[in-house]
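What follows is a short report on a single structure.
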Amino acid sequence: MYAGAGRAGSGPVEGTRPVLYDAVLLDRDGTLIEDVPYNGDPEKVRPVPGARAALDRLRAAGLRLAVVTNQSGLARGYFGDEQMRAVHARIEELLGRFDAWLVCPHDDADGCDCRKPAPGLVHAAARELGTRASRCVLVGDIGRDVAAALAAGAAGVLVPTPVTRPEEVAAAGWLASDLPAAVDEILRRQQAVHTVPGRVGERVGTALVVRSDSAGDVLVTGPAIRAVAAGAQRVVLLCGPRGRAAADLLPGVDEILEHPLPWIDPTPAPVDPDAMRTLAARLAAIGADEAVVFTSFHQSALPLALLLRMAGIRRISAISDDYPGSLLDVRHRVPVGVPEPERALSLAAAAGHRLPGDDEPVLRLRPDALPPRPADLGDPGYVVLHPGSAASSRACPPELAARIAGSLTAAGHRVLVTGGSDERDVTARVAAAGGTDLGGRTDLPGLAAIVADAGAVVVGNTGPAHLAAAAGVPVVSLFAPTVPFGQWGPYRVPTVRLGNADAPCRDTRAASCPVPAHPCLSGIDPAEVVEALRVLAVSGGGGR
């Protein structure tokens, strides 16, 4: 791996650095400059349209810039090191200086850990720039670029070109039409989580925060709830029964009010006027100075906003594309595709709350809320395989999960198969192929404790994926595309995504699989899972 020296004095400043990103990493050919295969001639360098102005906007915003590029032409002898450096000098002449250059000089057959889609270049760039991969965003034009970013825990933006394959476009969680558009969205997301200037330093007494949904939904709202807690003396969380166990794990929550909301629950009971009057009375009794209502992108905050008005809460903030009339004081809007934790953080910011400088915009759990991990599970470093999901459309087919368990065990991994009490038949079947059956043995805090000591978690789009993200544990994501990966994929944690991202169930939000044979996941080869763990540096001996 070739690494260019960083520029002294241009690094992020503690306490003032951006909330989401410190650095932007850029692929070279096809992203910064026109793709001329195996180019060793500076005269052939042509920047993509708008590149210089876009990069200067990033520099002006205080973001450091690095180039991360595969250059197998070095290994194949098509050009030499001096020719490559001349090309890079010409790029800097046209596009301005970069803080670092990271080059993989190998070919695919060399088996290095720096050639994208491996995450080595991303990790090296982060070190060179004095930050972490989770605080970087990588812009590239092919699936290898995005995969390298995800495997390092960074954000990845795909800017398709004629050489980008359709399946790479389908799998990308963040798409941009060109480099300037990618920069626009990076800066927009960065700014969206900053506090509205008029409320900086203003502290409220009691803040009511709302997330009435499943455990995973509550977990991904955690950073935004911590942001509200940083500006309030007391935080009360209204959640539903399905999210209560997760609510108990969140830092920043002082009290919990549990009540189902029939306009949110997937299998709601009929609206009961007496129950609604009871809820309004309970809300009034809180004495909240303001309320921040967090919802998923397909849910409405307005029915609850009406009850909050009836309860006498003076200031209400929520995301709403629908006209709210006088129900909202802060009507916030978010473009489609923003990760759910950032979507919620941007609402908190619009309401006047941001994370303090010593807090990262990552998922977190209260350490004191987790029980000790059972001693009979052995040393940390095992692989957790969680095949089930509350939504069957997002569950791993049991026969596939069993084959994955067998392959992981054959590769030397210790496998723990987890699931709820209603999934014992599935976990027993899967564990029989290789692994320890923990089906029905843990509640959510107990599962969180087991996940926290894992080397990796193999799981679909369901709550344990977010438990892994909260613990900083790598995820092999068996992601059914019924909802967008860019919004619901594991957040800011090393991830390898597997499965057919363009299956017919894509974007249906179906809770039950609408397509026979579960084609989005059934085509996964268990060998892909074993390879994903290798990419994530999770060894068969239980280490990481």
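The values are calculated or read from the model by the stated rules, or taken from the named source; none is laboratory data. This one's a predicted model, so the numbers in the text were calculated from it and none came from an experiment. Because the Cβ atoms are built from the backbone with ideal geometry, glycine has one as well, and the counts that use them run over all protein chains shown. Accessible surface is based on the protein model in full, side chains and every heavy atom, while ligands, DNA and RNA are left aside. Shrake-Rupley method; radii C 1.70, N 1.55, O 1.52, S 1.80 Å.
Only residues that are part of a loop (DSSP other than H, G, I, E, B), closer than 27 Å to Val362 by Cβ and of a type outside the set (D, E, K, R): list them for the range 239-272, please. Give the derivation first.
Going through the range 239-272, the residues part of a loop (DSSP other than H, G, I, E, B) turn out to be 240, 248-254, 259-272.
Of the ones still in play, those that are also closer than 27 Å to Val362 by Cβ are 240, 248-254, 264.
Selection gives Gly240, Leu249, Leu250, Pro251, Gly252, Val253, Ile264.
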Subject >> Residues of the range 442-467 that turn out to be free of Cβ contacts under 8 Å to residues at least 60 places away in the same chain and either open to solvent by less than 10 Å² (accessible area, probe 1.4 Å) or in a strand (DSSP E or B) (or both), as a count >> reply: 0
Original post:
Which of the residues spanning the range 43-57 are under 16 Å from Arg97 (Cβ atoms) and surrounded by fewer than 20 Cβ atoms within 10 Å (Cβ to Cβ)?
Top reply: Pro47, Arg52, Ala53, Asp56, Arg57
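For the range 485-544, how many residues are assigned to a loop (DSSP other than H, G, I, E, B) and hydroxyl-bearing (Ser, Thr, Tyr)? Step through it out loud before you land on a result.
Filtering the range 485-544 down to residues assigned to a loop (DSSP other than H, G, I, E, B) leaves 489-494, 499-518, 523-525, 536-544.
In the following step, the residues that additionally are hydroxyl-bearing (Ser, Thr, Tyr) were identified as 491, 508, 512, 539.
Total satisfying the criteria: 4.
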Subject >> Val384 vs. criteria out of contact with any Gly (no Cβ under 8 Å at 6 or more places or on another chain), under 30 Å from Pro504 (Cβ atoms) and of a type outside the set (Gly, Ala, Ser) >> reply: yes
Original post:
Can you name the number of the only condition in (1) surrounded by 13 or more Cβ atoms within 10 Å (Cβ to Cβ); (2) closer than 18 Å to His106 by Cα that Glu82 fails?
Top reply: (1)
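Taking the range 136-156, which residues are of a type in the set (Val, Ile, Thr) and part of a helix (DSSP H, G or I)? Give the steps one after another, and end with the answer.
From the range 136-156, those of a type in the set (Val, Ile, Thr) are 137, 139, 142, 146; that's our starting set.
The answer is Val146, and nothing else.
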Original post:
Across the range 157-210, what is the number of residues that are in a strand (DSSP E or B) and open to solvent by 10 Å² or more (accessible area, probe 1.4 Å)?
Top reply: 4
